[in-house]
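Bear in mind that the values in this text are calculations on the coordinates, not laboratory data. In this text the structure is predicted, and so the values were computed from the model without any measurement. Neighbour counts run over all protein chains shown; Cβ positions are idealised from the backbone, glycine included.
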Number of protein chains: 2
Amino acid sequence: MIAEKKKAFNAFAAKKGLRSTRQREVILDIFLSTHEHLSIEELYLKVRASNPGIGQATVYRTLKLFVEAGLARELTLSDGHTRYEHQMAGEHHDHLICLNCNAIIEFEDETIERLQKEIAERHGFKLVTHKMQLCGICPSCRKAAIEKVS
Amino acid sequence: MIAEKKKAFNAFAAKKGLRSTRQREVILDIFLSTHEHLSIEELYLKVRASNPGIGQATVYRTLKLFVEAGLARELTLSDGHTRYEHQMAGEHHDHLICLNCNAIIEFEDETIERLQKEIAERHGFKLVTHKMQLCGICPSCRKAAIEKVS
DNA sequence: TCATTATTGAAAATGATTTTCAAAGTTTCT
DNA sequence: AGAAACTTTGAAAATCATTTTCAATAATGA
């Protein structure tokens, strides 16, 4: 799966006439090796740990490329830190976010997707994408809150 | 409806021990007199047009108060400009956004709301709120695109 | 009115992201 | 391989929305 994505990025790079550099390889490897929703800051720290020479600007630039290439998706939470998550062609998921501890859980729901498409069509829109975040309190924060009270 | 909202804000202000100032009244009047999804910048310009003395910081501060009071809702699009829209207690709507001209259309869908609640419950979350944006191409931009081709 | 406390405007600070620019690296052409 | 042509990079500076600071001003309650 990782090899697939690397190939996808290389294909994208070739089509765009991008050059292949050590920095981009390192950042791609590290990005693909994670399965969390990492912020640029976190990603940059991980990158710097093994490759002290690589600068933030490069990490910013490279992640934008990943998005363009369809490997990554930007996730804008309200904490002011843009996060990046893996994105596979065609696939698609939404998020359940804990307002207390910021835990992020992914989910998919076909019925909602279908309804969204219908709503768009009803308004004459051609649906391209969507963002859906359900915000609430996760099980462990609920439990903690209950314990605090009793 | 406007009078209602003013009353709601005054009640909130009283409960919070906020003082009533000319600035807040002006900003509330102007906010309530619009029905678009205005950015702070736009709102500030409108405010300044009739009341040149009022500063941006005050507009920022006051809109946060409106959100806290439940009169307004923050809408974060990807253009980096926070927008504010009217919010009535209990009511709730989502957005259909044109990726081309940034037009915003509001909609509600009970079925989706119910499904969202179910999804949250299935994961043990207590659902507090949600954000849903359907992004696509609006009817007039679609038409324009077709005309351009032919 | 006076004392207390909140609010304001202007300017400075913040902080994430982007841009600039000279140096270094990659690719292409011969 | 060598050289021209063009990209990419890192560091620092710039940007830009938003927040904070702070001294001055205004609202409130006694």
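Observations
- Cut-off under 5 Å, modelled amide H: who pairs with A:Cys135 long-range: A:Ile97, B:Val128, B:Thr129, B:His130, B:Lys131
- Counting Cβ atoms of other protein chains within 10 Å of each residue's Cβ and taking the mean over peptide B:99-110 gives 2.
- Across chain B, the mean sequence separation of Cα contacts (distance under 8 Å, 6 or more residues apart), normalised by length, yields a relative contact order of 17 percent.
- Over chain B: helical MRE at 222 nm, DSSP H runs n ≥ 4 each giving -39500 (n - 2.57), nearest 500: -16000 deg cm²/dmol
- Once the Cα atoms are used to define both axes, helix B:22-33 deviates from the longest principal axis of chain B by about 30 degrees.
- Counting Cα-Cα pairs of chain A in 10 Å increments starting at 0 gives whole-percent bin shares of 9, 32, 31, 20, 7, 1, 0.
- Long-range tail of P(r) for the stretch B:92-150 (Cα pairs > 20 Å, %): 44
- Counting only Cβ charges, +1 for Lys and Arg and -1 for Asp and Glu, the dipole size of chain A around its Cα centre is about 660 debye.
- Placing unit charges on each Cβ (+1 for Lys and Arg, -1 for Asp and Glu) gives chain A a dipole about its Cα centre, and among A:Ala57, A:Leu43, A:Phe125 the Cα reaching farthest toward its positive end belongs to A:Ala57.
- Relative to the longest principal axis of the Cα atoms of chain B, the long axis of helix B:2-16 makes an angle of roughly 60 degrees.
- Three principal axis extents of the protein assembly as shown based on alpha-carbon atoms, in descending order, are 67, 62, 43 Å.
- Phi-derived couplings, Karplus 6.51 cos²θ - 1.76 cosθ + 1.60 at θ = phi - 60°, listed residue by residue for the stretch A:115-128: 4, 4, 4, 5, 4, 4, 4, 4, 9, x, 7, 9, 6, 9 Hz, with x used for Gly and Pro.
- Rounded to the nearest whole Hz, the Karplus-based 3J(HN,Hα) values (6.51 cos²θ - 1.76 cosθ + 1.60, θ = phi - 60°) of the stretch A:101-110 follow the sequence 10, 6, 4, 10, 10, 9, 8, 10, 8, 4, with x at glycine and proline.
- Cα centroid separation - the stretch B:108-150 against the stretch B:1-34, whole Å: 32
- Span per principal axis, largest first, for the Cα atoms of the stretch A:60-117 (Å): 36, 31, 15
- Counting Lys and Arg as +1 and Asp and Glu as -1 over every other residue whose Cβ lies under 12 Å from the Cβ of B:Leu28, the net charge comes to +3.
- Shape category assigned to the stretch A:1-88 from the gyration tensor of Cα positions, a/c cut at 1.5: oblate
- Residue-count net charge about B:Cys138 - beta-carbon cut-off 14 Å; Lys, Arg +1, Asp, Glu -1: +2
- Summing charges over all other residues whose Cβ lies under 10 Å from the Cβ of B:Phe125, with Lys and Arg as +1 and Asp and Glu as -1, gives +3.
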